[in-house]
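Novice: Here's a structure for you.
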There are 2 protein chains.
Amino acid sequence: MNFCSNCGSPIAIKTPPGDHLPRFVCEQCGSIHYKNPLLVLGCVPEWEGRILLCRRAIEPRRGFWTVPAGFMENGETMQQAAARECHEEALARVEVGSLLAVVSVTHAHQVHVMFRSTLITPEFAPGPESLEVKLVTEDEVPWEELAFPSGEFTLRRYFADRAQGREDHHFTELQRRHRIEP
Amino acid sequence: MNFCSNCGSPIAIKTPPGDHLPRFVCEQCGSIHYKNPLLVLGCVPEWEGRILLCRRAIEPRRGFWTVPAGFMENGETMQQAAARECHEEALARVEVGSLLAVVSVTHAHQVHVMFRSTLITPEFAPGPESLEVKLVTEDEVPWEELAFPSGEFTLRRYFADRAQGREDHHFTELQRRHRIEP
């Protein structure tokens, strides 16, 4: 941030009175521009025991596999965001189920929230952000070709819970280049 | 948003190629400025069966009661944000426990995430944003003087779960002037 989005004046970085962190402050109009974590919403879509994965057509991590997920928009709930992302990336309609994973990606200023979901029909195809979309069994998950650690954490917990007949939710914090323990 | 925070040029509102929603776009430098939901983190701090409430010293809803909560900052986890807000507003140290409530406040572009927590010691006092902080029993909760519907939803579910010996989590979407069913 270089300029005030309200008045267009150059911005300063300083801690406002009564605050405890440096902020982007406009000394011309007095606006304070806060930067806060972004929510990424996604789901693990299931159909008859298999789950739907997308191969990314865009950077970052083009060509790698991911669960359908993306930035939450204003005006929607978490569940609506998860379903919308699944439709955009995999042209698939899901019913969103229980909460599965909450991943703080602190270095990226993001929180990834993942739900279980069920495909309403077994129809899907690559959306504009995907090269390929497919249903896979647990044995077929391309663990070495997953795009993001949060997706790997999500899938590991999904299968571990499923094996035990549970639907728990799981918190974790992921640092840069974090390795997920299976 | 009137000006580009990157280059200071006037901003336009248009749907970028490949996108499906209007965004704040700079036609000078090409920056797209997304607006996304903000996370508000809070907790219900408990000590020997009573819970800690704060009476707000600031607007909005100055003079009304709330659970300690506030905007999540970059670089912290949800649980760290909930504990920090409790320390700022009530000068109290808590151990954050299970997830309690996730409230989509869609009209305000916010998601409120509330946890159960336990006071580490029964020490507390008003922080700069609070007029008063006190431990109350369920019967003493000032239901008619609560600041926010998300706080009322959180407290209703907290006590209902506690009465059943459960620690569930609860999703809801709150519209403007929503009434919470006890």
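Novice: So, with +1 on the Cβ of K and R and -1 on the Cβ of D and E, and no other charges, what is the size of the charge dipole of the stretch A:38-173 about its Cα centre, to the nearest 20 debye? Each step should come with its number before you reach the end.
Specialist: Details: 13 positive and 22 negative charges, 16 e Å.
Value, rounded to 20: 80 debye.
Novice: With a ≥ b ≥ c the root eigenvalues of the C-alpha gyration tensor of the stretch A:1-132, is it rounded (a/c under 1.5), prolate (a/b larger than b/c) or oblate?
Specialist: Values: a/c = 2.97, a/b = 2.43, b/c = 1.22.
The shape class here is prolate.
Novice: Looking at chain A, which Cys residues are left with no other cysteine's beta carbon under 4.7 Å from theirs?
Specialist: Within chain A, the cysteines lacking a partner Cβ under 4.7 Å are A:CYS43, A:CYS54, A:CYS86.
Novice: Would you mind listing the distances between the A:ALA163 label point and the same position in each other copy? Use 7 Å along Cα-to-C-beta, nm, one decimal, shortest first.
Specialist: 4.1
Novice: How far is the Cα center of the stretch B:1-74 from the Cα center of the stretch A:75-99, in Å?
Specialist: So the two Cα centres are separated by 22 Å.
Novice: Ordered shortest first, which distances in nm separate the 7 Å Cα→C-beta label point of B:PHE71 from those of the other copies?
Specialist: 1.7
Novice: Nearest 10 degrees is fine. How inclined is helix A:149-163 to the longest principal axis of chain A, computing both from alpha carbons?
Specialist: It is inclined by approximately 40 degrees.
Novice: Relative contact order (percent) for chain A, with alpha-carbon contacts under 8 angstrom and 6 or more residues of separation? Mind dumping the intermediate values first?
Specialist: Values: 375 pairs, mean separation 39.1, N = 182.
For chain A, the relative contact order is 21 percent.
Novice: With a sphere of radius 10 Å drawn around the Cβ of B:PRO68, what net charge do the other residues whose Cβ falls strictly inside it have (Lys, Arg +1; Asp, Glu -1)?
Specialist: Working: positive: B:ARG84; negative: B:GLU85, B:GLU88, B:GLU89, B:GLU129.
Charge balance near B:PRO68 sits at -3.
Novice: Once the other residues with Cβ under 10 Å from the Cβ of B:ARG56 are scored (Lys, Arg +1; Asp, Glu -1), what is the net sum?
Specialist: On the way: positive: B:ARG55, B:ARG61, B:ARG62; negative: B:GLU59, B:GLU89, B:GLU129, B:GLU132.
Summing Lys/Arg as +1 and Asp/Glu as -1 gives -1.
Novice: Turning to a different aspect of this structure: Students often get this wrong: which residues of the stretch B:1-27 have the backbone nitrogen under 12 Å from the point 7 angstrom along Cα-to-C-beta of A:HIS87?
Specialist: none
Novice: Shortest first and in nm to one decimal, what separations exist between B:MET1 and its copies in the other chains, measuring from label points 7 Å along the Cα-to-beta-carbon line?
Specialist: Result, one decimal in nm: 1.2.
Novice: Which net charge results for the neighbourhood of A:LEU99, defined as the other residues with beta-carbon distances under 10 angstrom from its beta-carbon, given Lys and Arg at +1 and Asp and Glu at -1?
Specialist: Working: positive: A:ARG116; negative: A:GLU167, A:ASP168.
Charge balance near A:LEU99 sits at -1.
Novice: Right, something else. Just to be sure I understand the model, the point goes 7 Å from the Cα along the line to the Cβ. What's the resulting B:GLU123 to B:ASP19 distance in nm?
Specialist: Spacing of the two 7 Å Cα→Cβ label points: 4.9 nm.
Novice: How far apart, in nm, are the 7 Å Cα→Cβ label points at A:ARG162 and B:ALA12?
Specialist: For the pair A:ARG162/B:ALA12, the computed spacing is 4.6 nm.
Novice: Among the lysines, which fall within straight-line cross-link reach of A:LYS14, defined as a Cα-Cα distance under 20 Å, with same-chain neighbours fewer than 8 residues apart omitted?
Specialist: Candidates past the 8-residue exclusion: A:LYS35.
Bear in mind these aren't lab numbers, they're just calculated from the coordinates by the rules spelled out. The structure displayed is predicted, hence computed values, not measured ones. Please note: Cβ atoms are built from the backbone with ideal geometry, for glycine as well, and neighbour counts cover all protein chains shown.
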